[in-house]
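> Before anything else, here's the structure in question.
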């Protein structure tokens, strides 16, 4: 009995091994189309994943680089009130160039200061800073060298462009002075500051009244994406530094001035 069963099974296996029948043409075409569809779907998922990874990497990069540049400018402005009722912002400051005086030191009476000029170069999309050391004078009024050190300046920001607000490029630097009355709207809180810059550059009077500086720019990644072709990869940064030793007065009339 067992021999008969073994013989039957062996016969069936041999017959299947000898069978030369295969897939039909239709079955083969269906299998090929299904394989192509699955492969295409896998490649699409891979492409989307790579693009998302690259976009997120660029966003992290522009945030780190942009914040480093912004922090550098803000920290220098925070050290610009070297005396009471001192006007650190200088004439010829404009929307693309910030000129100011600052100083660092542990002593109570500072023996020297520096004039800084931070300029946005629209062609190369860079922020260049030039520093001029004090050569004479006494605190808080100094005279400064006519030669920057280093002479070519220091590049503190790259791939920087103007932030577009409501279709209009915003200034890199904006200047504010104290108004005699605090103002507010439905969308902004009470403020004692209002914009000042009637011409292309700050006049002597405007520079003396400048009590706050706003910095605004768009940082693009270093992989070649421009501010127009890689909008979702850019980072917009804005900060305002109020040049004051104490909280500005919001009561009418306002008599505050820079570094009070």
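> Counting just the residues of segment 107-116 that are over 29 Å from residue 159 (Cβ atoms) and buried (at least 17 other Cβ atoms within 10 Å of the Cβ), which one comes out modelled with the highest pLDDT? Step through it out loud before you land on a result.
Let us first name the residues in segment 107-116 that are over 29 Å from residue 159 (Cβ atoms), namely 107-113.
Applying the additional criterion that residues be buried (at least 17 other Cβ atoms within 10 Å of the Cβ) yields 110, 113.
Details: 110: 80, 113: 94.
Filtering segment 107-116 for residues that are over 29 Å from residue 159 (Cβ atoms) and buried (at least 17 other Cβ atoms within 10 Å of the Cβ), the one modelled with the highest pLDDT comes out as 113.
> Then there is this: Can you confirm whether segment 87-106 contains a residue that is within 24 Å of residue 246 (Cα to Cα), buried (at least 18 other Cβ atoms within 10 Å of the Cβ), out of contact with any helix residue (DSSP H, G or I) (no Cβ under 7 Å at 6 or more places or on another chain) and at pLDDT below 95?
Among the residues of segment 87-106, at least one is within 24 Å of residue 246 (Cα to Cα), buried (at least 18 other Cβ atoms within 10 Å of the Cβ), out of contact with any helix residue (DSSP H, G or I) (no Cβ under 7 Å at 6 or more places or on another chain) and at pLDDT below 95, which makes the answer yes.
> Scanning segment 192-231 for residues that are loosely packed, with under 14 Cβ neighbours inside 10 Å and either modelled with pLDDT under 80 or under 20 Å from the mean Cα position of the chain (by Cα) (or both), which turns out nearest to residue 64 (Cα to Cα)? Please lay out each step first, then the result.
Residues of segment 192-231 loosely packed, with under 14 Cβ neighbours inside 10 Å: 195, 198-200, 204-205, 222-224, 228-229, 231.
Applying the additional criterion that residues be either modelled with pLDDT under 80 or under 20 Å from the mean Cα position of the chain (by Cα) (or both) yields 198-199, 222-224, 228-229, 231.
Values: 198: 34, 199: 34, 222: 12, 223: 15, 224: 17, 228: 20, 229: 20, 231: 17 Å.
Residue satisfying both the conditions and the ranking: 222.
> Those residues that are part of a loop (DSSP other than H, G, I, E, B), in contact (Cβ under 8 Å) with a residue 40 or more places away in the chain and surrounded by fewer than 18 Cβ atoms within 10 Å (Cβ to Cβ), I need them from segment 72-85; list them, please.
If we filter segment 72-85 for residues that are part of a loop (DSSP other than H, G, I, E, B), which is where we start, we get 79-85.
Checking the rest, the ones that are also in contact (Cβ under 8 Å) with a residue 40 or more places away in the chain come to 80-85.
Residues satisfying the conditions are 83, 84, 85.
The values are calculated or read from the model by the stated rules, or taken from the named source; none is laboratory data. Everything quoted here is computed from the prediction, not taken from an experiment. Cβ: placed from backbone, ideal geometry, glycine included. Neighbour counts: every protein chain shown.
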